[in-house]
């Protein structure tokens with residue numbers, strides 16, 4: 001009887017690692033899928049699913065095509081090298097390592113080719129997928145109708161075609177070179193390619209293979225050299241005292257011809273390699289390549305250098321003149337400043353009585369309320385609760401009040417989660433979901449030093465009506481919220497601090513079209529992964545009707561809806577047809593406009609406010625073409641994005657409209673109400689200001705000498721004299737015009753000097769037929785006009801001003817703050833105006849109150865509690881015009897500017913003053929309680945009693 005021994009089953013080795021790898025791959029794949037799918041849902045929610053689809057399919061198509069090309073070229077050459085291996089090889093290997101490598105290659109060839117193909121394919125595909133914009137621009141290119149001066153090609157070739165063909169040739173050259181390297185390695189490992197002194201050990205098959213592939217590489221290199229000729233119009237060149245992005249004398253007479261000759265030589269070398277496939281004489285290809293390298297050194301380096309040193313440098317002004325002229329013209333055209341109007345201005349520097357009489361209607365448009373300073377007053381007087389906030393830099397807009405257009409300083413009251421006491425997930429994501437209301441004040445006047453409100457409080461009251469004041473999409477809303485509920489469900493979103501039962505908070509439920517539906521478990525899971533937040537899955541606040549709103553800032557939404565645009569750094573709110581909207585300017589740009597100077601957008605748009613962190617500059621991006629081709633509008637309630645074509649003749653815009661059809665509405669679709677709020681964009685103006693500092697000069701000789709260079713002055717107020725002065729929006733009356741126009745203004749000083757060189761303004765009123773009209777007043781060289789820095793110093797050191805401000809200065813610098821230093825061409829000269837703010841105590845800290853105005857004309861400086869007083873002080877007691885403004889305050893430190901002081905003998909006046917004082921006390925109490933309606937009512941009542949007192953006193 002035999003016995004059988006049963007052995008226990010051996011566990012499978014290595015099963016855990018593959019299992020973990022598969023699970024990891026699934027997690028990664030689902031995470032990637034969640035990102036892509038939620039992006040599709042988001043684009044669908046704003047009506048731009050075609051943008052998502054076009055981008056996705058373009059990237060996938062490029063990834064697949066270029067990845068396959070890379071994999072086929074590399075793997076195909078390796079496989080071909082293996083197929084062409086010798087039938088017999090030497091029995092004595094060169095080394096043990098070589099023999100092992102051969103064994104591995106032969107035994108695992110398929111696996112090696114698959115892995116290698118996947119790796120190089122992924123790298124090749126990824127590099128191409130990132131160039132989807134380059135492909136779409138090439139595929140949909142629109143002619144400019146302008147030819148470059150050297151090759152006679154339409155500008156569109158340089159802007160759209162040249163970048164794409166450079167990309168393709170560079171990719172193909174890399175693929176072929178990698179294929180050649182891979183084939184060489186395989187030929188070597190398998191004995192088809194060996195080197196031994198005095199012996200020919202290369203197999204015929206390997207020689208044919210390598211000769212052909214290297215010949216192909218040289219043909220691609222020849223195409224690159226041919227294309228490089230066009231690149232000289234896009235590269236920077238150094239002159240004796242300047243740098244220009246343009247063609248120059250040496251380029252046209254040496255480098256362009258040299259590249260063409262090198263392309264021909266490369267083709268000849270390629271033919272030599274193809275012939276070598278038949279004759280098997282490596283000496284010929286080696287000599288050909290050596291000659292090509294030597295020719296390259298001579299044609300691309302030695303000859304251009306010699307021509308530059310021997311011929312060009314001694315005669316640079318004359319030889320470079322036509323190229324400088326082309327460069328100036330191209331630069332001015334590319335940045336839209338070719339039609340700038342420059343006129344000489346013999347500014348009057350003597351202030352005389354009545355001098356402003358002819359320009360009287362321009363004076364009320366002087367904006368005394370500085371949007372970079374007055375935010376503190378908005379916070380104190382209109383914030384209401386700590387969970388609301390206003391931006392540090394407010395915006396300037398225009399509204400028609402009682403039939404009169406007026407500049408207004410506006411801000412949206414947005415949600416600030418940092419001010420929420422209970423920082424629970426439910427509070428942050430489902431309760432405190434939106435801001436409330438638009439706040440606006442007159443830009444040219446104040447009441448008791450405080451803003452004179454056009455629109456204020458919760459709910460909004462004032463001169464404008466706001467049927468839908470809720471703000472779900474805004475500049476400070478950077479986190480997602482979950483909104484919406486079934487019909488009849490109790491609301492949970494905080495709407496207003498008051499107005500509910502028993503005076504408590506009022507709640508609401510979002511019913512707008514914006515947001516992505518996440519009622520299904522599948523969508524909730526996707527967004528839980530996207531946001532790495534399991535609460536989206538677990539919270540009962542997420543219901544069948546819930547929506548998630550994200551990508552909530554106007555810039556984010558516009559950039560996503562139109563990824564081909566560069567979005568202005570500053571969006572501004574406006575009340576259009578009863579709805580609060582965000583207006584966003586957007587630009588089409590290029591860095592391939594021939595002969596145009598390249599500019600770094602970050603450097604050009606940085607100024608004192610961006611350096612202080614009050615506002616952002618554009619991200620670093622080098623461009624040499626820029627157009628404000630699109631005006632975008634984002635609804636603050638539902639987040640809808642509407643793009644309007646503005647510069648509809650722009651070929652770059654037309655190209656992208658072909659790539660993304662139906663995404664941009666025609667300019668004719670802009671309503672009259674919206675048109676009234678559109679303005680000339682800030683960042684474009686800053687870039688044009690940067691360009692015109694040098695390119696206001698159109699004479700090549702003068703441009704070359706650099707004797708008329710301007711520079712943007714440092715901001716003496718905000719930047720402390722270390723950063724560029726910011727441009728300002730205000731209404732000005734240009735010398736010779738009939739009436740003032742809403743404009744954006746800036747000044748220049750001469751290079752290395754501080755006096756004023758020029759004053760520049762652009763018509764910023766989009767409803768005006770002269771919108772975008774750039775004009776410059778060039779100061780006379782026969783007299784010195786003070787620049788901003790000199791004027792600010794004179795204002796600070798003026799005896800009268802210093803005496804008036806001494807009480808505040810003695811209390812510390814925080815008690816006194818200068819506002820924007822405005823410059824206006826008026827009265828035959830230049831008038832500088834600066835508002836001065838003092839700190840006023842509030843319920844939760846101090847805030848700035850407009851207390852004084854300082855003005856300077858010529859050498860005369862005046863100060864007053866109103867603009868009228870300051871102007872009269874400058875112009876010998878009578879400026880000749882009435883500003884028709886309210887008082888701005890001017891109380892001494894330690895006294896409430898709103899409270900009456902001193903003894904009054906008139907009983908009626910005394911009673912009115914007492915009533916005013918009580919009303920001011922009641923207003924302060926209401927402000928501390930957050931009751932803005934009562935606060936405003938009591939302030940109005942106090943002012944009325946003050947007027948009664950003045951009437952009783954006979955004033």
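Results, tabulated for the structure shown:
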item: Residue match in the range 543-565 (condition: more than 30 Å from residue 650 (Cβ to Cβ), more than 24 Å from the chain's Cα centre (by Cα), without any contact (Cβ under 8 Å) to a residue 60 or more places away in the chain and assigned to a loop (DSSP other than H, G, I, E, B)); result: yes
item: Residue 568 vs. criteria modelled with pLDDT of 95 or more and either within 24 Å of residue 664 (Cβ to Cβ) or in contact with a strand residue (DSSP E or B) (Cβ under 9 Å, 6 or more places away or on another chain) (or both); result: yes
item: Residues (closer than 19 Å to residue 320 by Cα and either assigned to a helix (DSSP H, G or I) or without any contact (Cβ under 8 Å) to a residue 24 or more places away in the chain (or both)) located in the range 685-707; result: 694, 695, 699, 700, 701, 702, 703, 704, 705, 707
item: Single condition residue 237 does not satisfy, out of (1) assigned to a helix (DSSP H, G or I); (2) closer than 30 Å to residue 171 by Cβ; result: (1)
item: Condition broken by residue 428, with the remaining ones in (1) touching a residue at least 60 places away in the same chain (Cβ under 8 Å); (2) part of a helix (DSSP H, G or I) satisfied; result: (1)
item: Hey, residue 774 crowded, with 17+ Cβ neighbours inside 10 Å and either within 30 Å of residue 631 (Cα to Cα) or free of Cβ contacts under 8 Å to residues at least 40 places away in the same chain (or both) or not; result: yes
item: Helices (runs of 4 or more DSSP H) lying entirely in the range 258-331 (those with 2 or more residues that are without any contact (Cβ under 8 Å) to a residue 24 or more places away in the chain and out of contact with any helix residue (DSSP H, G or I) (no Cβ under 9 Å at 6 or more places or on another chain)); result: 283-297
item: Subset of the range 347-365 that is in a loop (DSSP other than H, G, I, E, B) and out of contact with any helix residue (DSSP H, G or I) (no Cβ under 6 Å at 6 or more places or on another chain) - its residue that is nearest to residue 825 (Cα to Cα); result: 347
item: Total residues in the range 605-619, condition surrounded by fewer than 23 Cβ atoms within 10 Å (Cβ to Cβ) and either in contact with a strand residue (DSSP E or B) (Cβ under 6 Å, 6 or more places away or on another chain) or not in a loop (DSSP other than H, G, I, E, B) (or both); result: 3
item: Failed criterion for residue 802 (all others in (1) in contact with a helix residue (DSSP H, G or I) (Cβ under 9 Å, 6 or more places away or on another chain); (2) in contact (Cβ under 8 Å) with a residue 60 or more places away in the chain hold); result: (2)
item: Matching residues in the range 620-652 - criterion: being in a strand (DSSP E or B) and farther than 30 Å from residue 236 by Cβ; result: 631, 632, 633, 634, 635, 641, 642, 643, 644, 645
item: Criterion (outside any loop (DSSP other than H, G, I, E, B) and either surrounded by 20 or more Cβ atoms within 10 Å (Cβ to Cβ) or in contact with a strand residue (DSSP E or B) (Cβ under 8 Å, 6 or more places away or on another chain) (or both)) met by exactly one of 344, 339; result: 344
item: Meets criteria (assigned to a loop (DSSP other than H, G, I, E, B) and touching a helix residue (DSSP H, G or I) at 6+ places or on another chain (Cβ under 8 Å)) for residue 386; result: yes
item: Pair list, Cβ < 7 Å and 6+ apart or interchain, from the range 397-424 residues that are on the phi > 0 side of the Ramachandran plot and buried (at least 16 other Cβ atoms within 10 Å of the Cβ) to residues that are modelled with pLDDT of 95 or more and part of a loop (DSSP other than H, G, I, E, B); result: none
item: Test set (1) out of contact with any helix residue (DSSP H, G or I) (no Cβ under 9 Å at 6 or more places or on another chain); (2) touching a residue at least 24 places away in the same chain (Cβ under 8 Å); (3) not in a loop (DSSP other than H, G, I, E, B) - residue 519 fails condition number; result: (3)
item: Residue satisfying all of: in the range 447-481; touching a helix residue (DSSP H, G or I) at 6+ places or on another chain (Cβ under 9 Å), part of a strand (DSSP E or B) and over 20 Å from residue 497 (Cα atoms); modelled with the lowest pLDDT among these; result: 447
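Okay, residues lined up against (1) crowded, with 18+ Cβ neighbours inside 10 Å; (2) under 29 Å from residue 333 (Cα atoms); (3) modelled with pLDDT of 95 or more:
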| residue | (1), (2), (3) |
| --- | --- |
| 218 | yes, no, yes |
| 238 | no, yes, no |
| 241 | no, yes, no |
| 260 | no, no, yes |
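One line per residue, one yes/no per condition, for (1) surrounded by 17 or more Cβ atoms within 10 Å (Cβ to Cβ); (2) outside any helix (DSSP H, G or I):
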site: 144; (1), (2): yes, yes
site: 156; (1), (2): yes, no
site: 205; (1), (2): no, no
site: 210; (1), (2): yes, no
site: 227; (1), (2): yes, no
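The values are calculated or read from the model by the stated rules, or taken from the named source; none is laboratory data. What you see is a predicted model; the values in this text were computed from it and never measured. Using ideal geometry, Cβ is built from the backbone for each residue, glycine included, and neighbour counts are taken over all protein chains shown.
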